[in-house]
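In what follows, a structure is listed as structure tokens, so that the remarks can point back to it.
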Amino acid sequence: MSEETLMPQLYDLLIRGGRVLDPAAGRDGRYDVALAGGRVARVAPDIPPESAQEVVDARGLLVVPGLVDLHTHIYWGASALAVDPWALAPRSGVTTWVDAGTAGAVAFPGFRRYVAEAVPVHVLAFLNISSQGILDITLAGECDDLRWCDLERALAAVEAHRDLIVGIKVRASRNAVQVAGAEPLRIAREAADAAGVPLMVHIGQPPPTLGEILPLLRAGDILTHVYRGPAASILTREGRVRPDVLEARARGVLMDVGHGVGSLDFRVAQRALEQGFLPDSISTDLHLLNVRGPVYDLVTTLSKFWDLGLSLEQVIAAATTGPARALGREGSLGTLQEGARGDVTLLAVEEGEFTFRDAVGQERVGERRLVARGMAVAGRWIPPEEVCS
């Protein structure tokens, strides 16, 4: 009997032969990735395949930390806006789905039981400051009646679900607040401060204006939809990034894409990127109104920013280390360093002619795109064709 036959199986899963790109670890090269007990156990060249119970051949593929989508709406069945994350996860390569305020305090126990604890992917959430959350965007805004912005109820929900709730979310735009103006934002600010968590703020058609929003944001808070068009644009009329936006970034406010159905304008993004104003995180704002276009999924959104001029490493960082930082989970999420969650995404680079659309109907033709080719979640291998029954 050979020594190879006698070798103990130390690992649950071994991903072999791919190009490992891990911005957090500064690693870019051909390595094998071994997972055990739901964690990254080892990253090294030529780990013996006999040491693992299951082996995945990643030759010709990118092997990156499990992708994190910082802005999604996944309370499927409770919100008319939400999508089912498990039906989409394998094709998207997203291992961590962060719901951006679909659930408020009233319905959060249901979100926990029927989404976070029910799907085989990793789920976290921002709690909507409105106790009703986002039920149906065709109805009145969730914050137009300030009775729904219940501070005490929000704080109780955070305390009851601290393992899942990573921050407070408020949609600070006319369709959400109606005549309430900036008051829901101020209540959300108070809730985030009292709970000791970040605040994620959606911007859009005022009220409130971007000038009212920015002074209330602090280090670690997240401004989402930063590359949207004229309403709440981060650009001046001359096409420069606004000074107050630059000041917000300088004091530690994080800038998130949040593509969505109306929040990515290629012209705004291109001008901002040319001035060095890069996103801290690239997210989709994925929901029922954009999942069939123009957003589709996170890998498509990443491909758009690759085409806009970001490097491959910058694109991957904005879907791994960037959101991990926003979530306060650096070292655990968004990296393949030993001891991190055993979340891995395999990507192929396809070459050809691909049409990319933004949220306002503009098109760009790119020569390459990223496509998901499987993923591991907490050490479990999930091929791209797998979906829930």
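The values are calculated or read from the model by the stated rules, or taken from the named source; none is laboratory data. Source: prediction; values computed, not measured. Cβ: placed from backbone, ideal geometry, glycine included. Neighbour counts: every protein chain shown.
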Those residues of the stretch 306-345 which are in a strand (DSSP E or B) and surrounded by 23 or more Cβ atoms within 10 Å (Cβ to Cβ) amount to Leu333, Arg341, Val344, Thr345
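In this structure, does Asp99 turn out to be in the same structural domain as Gly260 (by TED's automatic domain parsing), among the charged types (D, E, K, R) and surrounded by fewer than 19 Cβ atoms within 10 Å (Cβ to Cβ)? Break it down stepwise before answering.
Details: in the same structural domain as Gly260 (by TED's automatic domain parsing): yes; among the charged types (D, E, K, R): yes; surrounded by fewer than 19 Cβ atoms within 10 Å (Cβ to Cβ): no.
Criteria not met by Asp99.
Yes/no matrix, rows are residues, columns are (1) in a loop (DSSP other than H, G, I, E, B); (2) under 18 Å from Ala103 (Cβ atoms):
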position	(1), (2)
Asp163	yes, yes
Ile168	no, yes
Glu190	no, no
Ala194	no, no
Gly211	no, no
Pro215	no, no
Arg218	yes, no
For the stretch 70-78, does any single residue satisfy the condition of being crowded, with 23+ Cβ neighbours inside 10 Å, within 22 Å of Gly339 (Cβ to Cβ), among the β-branched types (Val, Ile, Thr) and at pLDDT 95 or above?
no
Every residue from the stretch 77-98 that is in contact with a helix residue (DSSP H, G or I) (Cβ under 8 Å, 6 or more places away or on another chain), of a type outside the set (A, V, I, L, M, F, W, C) and either under 29 Å from Val40 (Cβ atoms) or not in a loop (DSSP other than H, G, I, E, B) (or both)
Pro85, Ser92, Gly93, Thr95, Thr96
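If I ask for residues that are closer than 15 Å to Ala89 by Cβ and assigned to a loop (DSSP other than H, G, I, E, B), which ones from the stretch 99-129 would you list? Let's see the steps before the verdict.
Within the stretch 99-129, the first condition is being closer than 15 Å to Ala89 by Cβ, and the residues that meet it are 99, 115-116, 118-124.
Once the filter is applied, which keeps residues that are closer than 15 Å to Ala89 by Cβ and assigned to a loop (DSSP other than H, G, I, E, B), the stretch 99-129 yields Ala118, Val119, Pro120, Val121.
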From (1) among the hydrophobic types (A, V, I, L, M, F, W, C); (2) under 16 Å from the mean Cα position of the chain (by Cα); (3) in the same structural domain as Pro198 (by TED's automatic domain parsing); (4) not in a helix (DSSP H, G or I), pick out the condition that doesn't hold for Val299.
(4)
Enumeration of residues in the stretch 162-179 that are under 14 Å from Ile129 (Cα atoms) and of a type in the set (A, V, I, L, M, F, W, C):
Ile165, Val166, Ile168, Val170, Ala172, Ala176, Val177
From the list Asp358, Asp285, Asp280, which residue is in the same structural domain as Pro243 (by TED's automatic domain parsing), surrounded by 15 or more Cβ atoms within 10 Å (Cβ to Cβ) and touching a residue at least 60 places away in the same chain (Cβ under 8 Å)?
Asp285
Within the stretch 274-296, can one find any residue that is in contact with a helix residue (DSSP H, G or I) (Cβ under 9 Å, 6 or more places away or on another chain), within 22 Å of Gly101 (Cα to Cα), hydrophobic (A, V, I, L, M, F, W, C) and in a helix (DSSP H, G or I)?
no
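Is one or more of the residues making up the stretch 171-180 assigned to a helix (DSSP H, G or I), within 22 Å of Ala231 (Cβ to Cβ), modelled with pLDDT of 95 or more and not small (Gly, Ala, Ser)? I'd like the intermediate steps shown before the answer.
The initial filter retains those residues of the stretch 171-180 that are assigned to a helix (DSSP H, G or I), namely 174-180.
This time we only want the ones that are within 22 Å of Ala231 (Cβ to Cβ), so: 174-180.
Still in the list and also modelled with pLDDT of 95 or more: none.
For the stretch 171-180, residues assigned to a helix (DSSP H, G or I), within 22 Å of Ala231 (Cβ to Cβ), modelled with pLDDT of 95 or more and not small (Gly, Ala, Ser): absent.
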Kindly indicate which of Val179, Val226 is surrounded by fewer than 22 Cβ atoms within 10 Å (Cβ to Cβ) and among the β-branched types (Val, Ile, Thr).
Val179
Filter the stretch 171-184 for residues that are under 22 Å from the mean Cα position of the chain (by Cα) and either under 23 Å from Ala160 (Cα atoms) or of a type outside the set (S, T, N, Q) (or both) and give the result.
Arg171, Ala172, Ala176
Matching residues in the stretch 238-258 - criterion: being without any contact (Cβ under 8 Å) to a residue 40 or more places away in the chain, assigned to a loop (DSSP other than H, G, I, E, B) and farther than 15 Å from Gln275 by Cα
Arg251, Gly252, Val253
